[in-house]
Amino acid sequence: MNKFFAEYADFTAVILAFSLPLFFTIFVKLKTRKTTRAMAVYLLLFGPIGILSFIFFHLFENSYRAIVAAIAGTFVYDFHFYSLMLMGVVIAVVAYFSLVACLCKCLYGAGNKNIFLSMVLMVVICAPLLPVTPISAVPLICSVISFGGIFSVRRKPEMRIKTQTAAPIVAAA
């Protein structure tokens, strides 16, 4: 398993980050037909799904290493482990709510308020960590990519004007 984390975990997370939004985009397009734009849906969903896939592997690797250390009798529960796990869970929860808000926008035409709120929360959580660890820029970059699809996901409904044909005027003589 150590070989997987050392060589394949990052590549697998990147593959998931790019392929899962494609599957969600196909699902949304099948549900909404012509009311959504596919590229905008992909961009909108890329942010939260990308964050979730990267955070999943972060939490999975740290949990695995903790279990292996606990079995070996060398595990130490300290603030470093606690903060790694807590930060991952917090970012995952915010990304999950962002994904739900993005899907509601795509499927039902919901507003942008919850999407913007989750993006602001992601900035508030991750921006202070940039001087400490540059990897905290990944959720911010994913959020910026997601921002690219917010305003063009839903097509505006076409206004169809019904024309009524005037009844012929029959002159009564």
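What follows is calculated from the coordinates using simple rules that are stated; it is not laboratory data. The structure presented is a predicted model; accordingly, all values stated were derived computationally and were not measured. Note that each Cβ is placed from the backbone with ideal geometry, even for glycine, and that neighbours are counted across all protein chains shown.
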message = Quick check: pseudo-label points 7 Å beyond the Cα along Cα→Cβ at Cys104 and Val123, how many nm apart are they?
response = 2.1
Ascending count of other beta-carbon atoms within 10 Å, so fewest first, for Val120, Val132, Val94, Val138 = Val132, Val120, Val138, Val94
task = With everything on Cα atoms, drop me the angle between helix 137-147 and the longest principal axis of the chain, reported from 0 to 90° to the nearest 10.
result = 10
task = Add +1 for every Lys or Arg and -1 for every Asp or Glu among the other residues with Cβ under 14 Å from the Cβ of Arg65, and state the total.
result = -1
task = Excluding residues fewer than 8 places away in the same chain, name every one of the lysines whose C-alpha is closer than 16 Å to that of Lys113.
result = Lys105
message = Distance between the C-alpha centers of segment 85-131 and segment 33-77? Whole Å please.
response = 14
task = Stick to the Cα atoms of the chain, pair each with every other, and give me the Kirkwood hydrodynamic radius in Å at one decimal.
result = 18.6
key: Efficiency of FRET between Asn114 and Asp10 - r from beta-carbon atoms, R0 41 angstrom, step 0.05   = 0.85
note = If R0 = 22 Å, then Phe147 and Phe23, at their Cβ-Cβ distance, give a FRET efficiency to the nearest 0.05 of 0.55
query = Which order do Val90, Val41 fall in if you start with the one that has the fewest other Cβ atoms within 10 Å?
reply = Val90, Val41
inquiry  = Check which residues have an amide H placed less than 5 Å from Thr36's amide H, if you skip close sequence neighbours.
reply    = Arg155
request  = Report the relative contact order of the chain, percent, no decimals, based on alpha-carbon pairs under 8 angstrom and at least 6 residues apart.
outcome  = 32
inquiry  = Between 0 and 90 degrees, rounded to the nearest ten: what's the tilt of helix 113-126 against the longest Cα principal axis of the chain?
reply    = 20
query = Taking a label point 7 Å from the Cα of Met1 along the Cα→Cβ vector, which residues of segment 47-63 have an amide N closer than 15 Å to it?
reply = 57-63
Order of Met85, Met119, Met39 under a 10 Å beta carbon neighbour criterion, fewest first = Met39, Met85, Met119
query = Of the peptides 45-51, 76-82, 24-30, 102-108, how do they stack up when ordered by the mean number of other Cβ atoms within 10 Å, highest first?
reply = 45-51, 102-108, 24-30, 76-82
note = Rounded to one decimal in nm, the spacing of the 7 Å Cα→Cβ label points at Arg155 and Arg65 is 4.9
key: the chain - mean residue ellipticity at 222 nm from DSSP helices (-39,500 (n - 2.57) per run, n ≥ 4, rounded to 500)   = -23000 deg cm²/dmol
